[in-house]
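Colleague: The structure under discussion is supplied below as C-alpha cells; questions concerning it will follow.
None of the figures in this text is laboratory data; all of them are computed from the coordinates on show. Here the structure is a predicted model, which means the values were calculated and not measured. In this analysis, Cβ positions are derived from the backbone assuming ideal geometry, glycine residues included, and neighbour counts consider all displayed protein chains.
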Amino acid sequence: MKRNTSPTSGTGSTEFFTNCTELRKKYPDGVPSTHPAYQAKMDRDHDNYACER
C-alpha cells in the first residue's frame with residue numbers, strides 16, 4: 001500500500017522571502033507577478049514586478 005505524502009521540496013508552491021534583500025539573493029533582478037516568490041507588498045511601484053532594481 002502506497003502512502004500519499006506531500007513533497008518537501010516545495011515544487012508547485014509559493015516561495016517566501018522576508019524582504020527584497022533576501023529575494024534578490026536568489027533572484028537578483030526581481031520577479032514578475034506570475035512567479036511563486038512574488039508578493040504584492042514587495043512591488044512598490046505596482047507594476048506587477050517585485051524587487052526589480
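Colleague: For the pair Thr21/Arg44, report the inter-label distance in nm, with labels modelled 7 Å from Cα in the Cβ direction.
Modeller: With each label placed 7 Å out from Cα toward Cβ, I get 1.4 nm.
Colleague: Now for a separate question. If each residue's Cβ is checked for other Cβ atoms within 10 Å, how do Tyr38, Tyr49 rank with the fewest at the top?
Modeller: Ascending number of Cβ neighbours within 10 Å: Tyr49, Tyr38.
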